[in-house]
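Below: one structure, written as structure tokens.
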Amino acid sequence: MDGTQAGPERSRGEQIEAAEREAAKLRLLAQAEADRIPVEETTRAVPERRWRHEQ
């Protein structure tokens, strides 16, 4: 065996740690989705303002 336990044999502490890791992963994924910029906004052409200043 590789030293990892699965199923009901896992200790309560290992179960809590696994649940905390999963919760942290879900929080990170939710935050990344909230911060995500849609592709449509990243490919939109925006005029370069510094060139206008020199006119």
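All of the numbers you see were taken from the coordinates with simple rules; none came from a lab. Predicted, not measured: the structure shown is a model, and the values here were computed from it. With ideal geometry, Cβ positions are generated from the backbone for all residues, glycine too; neighbour counts draw on all protein chains shown.
For the reader, a short list of remarks on this structure follows.
- Pair I16, E41: separation of 7 Å Cα→Cβ label points (nm): 4.0 nm
- Burial ranking of peptide ranges 29-39, 11-21 (average Cβ count within 10 Å, highest at the top): 11-21, 29-39
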